[in-house]
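Participant: To start, I am sharing the structure in question, which I have written as structure tokens.
Derivation of every value follows stated rules applied to the coordinates shown; laboratory data play no part. None of these values were measured; they are calculated from a predicted model. Every residue, glycine among them, receives a Cβ derived from its backbone with ideal geometry; neighbour counts consider all protein chains shown.
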Amino acid sequence: MAEAESTRQMIDVPEEALTPREIRLERAAVVLRWGAIVNGVLVGLLLVAGLLGGLRVFPDLFTNLQGLLLGRAVLAGDASLAVVIFLTLVDISLLLVLMVGVLAREIWTLPAIWLVAAVNGLAAALLGFLPALITIAAAAGCWVVIMRDMSAFRVNPVMLKELRGRMRGVRAFIVLTIYLGLMSAFTILLYLVFTTSTIQATGSSAVGAIGRVLFGGLVGIELLLIIFIAPAFTAGAITGERERQTYDLLRTTLLASPSFVIGKLESALGFILLLLFSAIPLQSIAFLFGGVTELELVLSFVILAVTAVTLGTVGIFFSAITPRTLSASVRSYTVALAVTFGIPIILSFPLFNAFVSAASGFGSGVSSSPLVETIFIYLGLILVSLNPVATSLVSQQLLAEKQAIGLWTVTLTSDGSTIPLVSPWISFSVFYLVIATILIVLAVREMRKVEA
Amino acid sequence: MSLIIETRDLVKRYGKFTAVNELSLEVPAGSIYGFVGPNGAGKTTTMRMLTTLTRPTAGQAWVAGHSVTEEPRAVRRAIGYMPDEFGVYDDMRVWEYLDFFAACYDIPENERKRLIDDLLELVDLTHRREDMVDKLSRGMKQRLSLARTLAHDPLVLILDEPASGLDPRARVEIRELLVELAKMGKTIFFSSHILADVAEICTHIGIVEAGEMVIQGSMDDMRAQLTPHREIIVTVRDQETAERVKSLVALMADVLDVLILEPKAGRSRVQINFAGDDDGVAAINQKLSAEGILVMGFTEETKDLESMFMRVTKGIVT
Ligand SMILES: Nc1ncnc2c1ncn2[C@@H]1O[C@H](COP(=O)(O)OP(=O)(O)OP(=O)(O)O)[C@@H](O)[C@H]1O
Ligand SMILES: [Mg+2]
């Protein structure tokens, strides 16, 4: 027993003298990491400020902060604080993604660095979003470091290998055909069921409602598909290599662990994205019936893609820490199902109800003190943001009823004041991408360990 | 001669079990080093420590001057490793297999095509370029595996039983490949149970048993060390003649010992343990004929590696 355990024990590899290229990449990653850390400190400070401002310790705090951090936006002081916090969180996740990309030497990091800097520049110019400077500085610093060795960035070999295998022959084509066939059949079925049932009930059917049902049904099916495919594609990422006895081969090459993890993730997501994209024409049928906007299509796509990324990393993480593909799959599915189906069930109902009714403009219904009500609503937002289904429903509801795609406000029933909120899809995306990055980092750490 | 692989008192324990026990290995640059030992002797374990896959419990090891525990990446750059199990990717063509590993070694895309052509040419798999890896025969897989280890032009090849499970022809092919690679300046450190392979191509040899180095050195030293004297077998008609031979030869210079062996196929045999040179052997022959002894056979036993192996390994395999 003790022996069996000791053989499985792993220890960290020591730091070693790196090549000039590795030193450069490491340095670039450190720059980005510091960008993220500074942003994180800022978020912490702003949260404290929000508390102090909310308790009216410093009366002018919000206005001053707004003038400083979000000068150009026409928003209430507290709303702009929320926006600043949120934008900073977005920047943190972007910087973390860039950091992973740089360490894995992904070719897409090169344009992505510019993109992040440009988006931040835009936010600074349009909203006066001052913290953008932190991120721009980090991106610029990173660029200056990697500029001297652009050839370090390349197409990920692991992704290339996996995609070659996955796309070989007619198999991928057959999978795609079956998938689209099933989706079409489902659409038709949904259409038939819906029209006959509503016509029976009301004698006529609203065309817009058909569109909504079709669209919702398709997105739901796609979500289900992602929940089952994303972990399946990645849970064997590392265990599969171990089982095929290729893991040792890979570990004696110079392939860096982040490259391996990212490559596996990219190849899994590449195929899932292909499935998602190929279903877009089908979803567009819903447009024919009306009742669905392009914005909803984009929203659903973002939510599905983010779910796929995060569940993919969950699979990779368990693949790194478990010895066999089977147990890695079981664990990944458990997490995926718990997150997507478990959370809605345990979503503590009062919170959720308070939040949803607030979202639909009826006030929260929790009418004790403003503070309690605020906390309830924010907790509700957080809970909803943990779950893609709830996120989709609430985001869509907000879009339909309040025309709110990003920011919206709730009027508290207790004292009539308003509090700012973001649409759940945004907080959901930030939250899920941060989780994904953390899981990637943990998986990489696990891979770097050496058998003791 | 400089050492390209060196271990000092390398120890690997799994729980209480000691798989490798204070092993000190010295592989000179440019040599073909045969690492021989019975099953479970700790060959694979030693190689896994040298290839940075497993950490030693104690002791130190250097490959190309880099410590395997402190500079694993530098070590990886210097070695090409072929494990005893061939790692197959289903769903991959031969050239893609090499392309993938070349990419893992950071070889730029524009150089990879030529490299793959050269490697396939070297291991004689050019005609199999587009075939699926898992459909290759075992011998071909082994050659492809060898090509893979060469992708980044390493200094040392660490090959775990490259000839195991191959038919005689495939075994000869691998052997010839190894010799060719050695001519290209690579140091080859490989393990085997097949002593014939080792004897044929090795310049150096190390014999391990139960995790300990029994003996190591260059093949020539090894021969001299293990067979300190020559054995001459003289076959004569009967026992009486054998006695005469014994009494005659025993007095000659450099003769260590004379034994009368059991008669075989009706012929009597005398074994002469002789420490002299070739002239001395000729002198014995001459003396016998001068004395009018009818010699029916006069042979010098060559000690092969197999008997050497049997002699040094005591069968204490766990
Ligand atoms: N991970 C492990 N856990 C426990 N014991 C191990 C482990 N790996 C190897 N051993 C033990 O260490 C000993 C040496 O094994 P090793 O594989 O190095 O021998 P070998 O010389 O390569 O044998 P073979 O000729 O059969 O390949 C064996 O007794 C084996 O059971
Ligand atoms: Mg072995």
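Participant: Among A:257, B:218, A:395, A:423, which comes first, then next, by fewest other beta-carbon atoms within 10 Å?
Facilitator: Ranking A:257, B:218, A:395, A:423 by Cβ neighbours within 10 Å, fewest first, gives B:218, A:257, A:423, A:395.
Participant: Calculate one ³J(HN,Hα) per residue across the range B:247-261 by plugging θ = phi - 60° into the Karplus curve 6.51 cos²θ - 1.76 cosθ + 1.60, and present them in order as whole Hz with x for glycine and proline.
Facilitator: These are the phi-based 3J(HN,Hα) values: 5, 5, 6, 4, 8, 6, 5, 6, 7, 8, 6, 10, 10, 9, 8 Hz.
Participant: Of all beta bridges DSSP finds with both residues in the protein assembly as shown, what is the antiparallel percent, to the nearest 5?
Facilitator: Expressed as a percentage, antiparallel bridges in the protein assembly as shown total about 70.
Participant: Could you go through the range A:376-389 in sequence order and give the Karplus-derived ³J(HN,Hα) for each residue, using 6.51 cos²θ - 1.76 cosθ + 1.60 with θ = phi - 60°, rounded to whole Hz, and x for Gly and Pro?
Facilitator: Going residue by residue, I get 4, 5, 5, 4, x, 4, 4, 4, 4, 6, 7, 10, x, 5 Hz, with x marking Gly and Pro.
Participant: What is the range A:57-200 by shape, rounded, prolate or oblate, if you read a ≥ b ≥ c off the alpha carbon gyration tensor as root eigenvalues and call it rounded for a/c under 1.5, prolate for a/b larger than b/c, and oblate otherwise?
Facilitator: Since a/c reaches 1.5 but b/c is at least a/b, the shape of the range A:57-200 is classed as oblate.
Participant: Using a cut-off of 14 Å between beta-carbons, work out the net charge of the residues near residue B:172 (Lys and Arg +1, Asp and Glu -1, residue B:172 not included).
Facilitator: It works out to a net charge of -3.
Participant: List every residue whose amide H lies under 5 Å from the amide H of residue B:212, counting only residues 5 or more places away in sequence or on a different chain, with H placed 1.01 Å from N in the peptide plane.
Facilitator: Distant-sequence amide H within range of residue B:212: B:21.
Participant: What is the fewest-to-most order of B:46, B:126, A:187, A:253 by other Cβ atoms lying within 10 Å of their Cβ?
Facilitator: The fewest-first ordering by Cβ neighbours comes to B:126, A:187, A:253, B:46.
Participant: Would you list which lysines come within 29 Å of residue B:12, measuring only between C-alpha atoms, while excluding same-chain residues fewer than 8 positions from it?
Facilitator: List returned: A:449, B:43, B:186, B:314.
Participant: Provide a whole-number value for the mean count of partner chain Cβ atoms within 10 Å of the Cβ atoms in peptide B:95-107.
Facilitator: Counting other chains' Cβ atoms within 10 Å and averaging over B:95-107 gives 5.
Participant: Taking every residue in B:75-85, how many Cβ atoms of other protein chains lie within 10 Å of its Cβ, on average?
Facilitator: Per residue, the number of nearby Cβ atoms from other chains is 3 on average.
Participant: Arranged by the count of other C-beta atoms within 10 angstrom, fewest first, what order do B:230, B:169, A:105 take?
Facilitator: By the 10 Å Cβ count, ascending: B:169, B:230, A:105.
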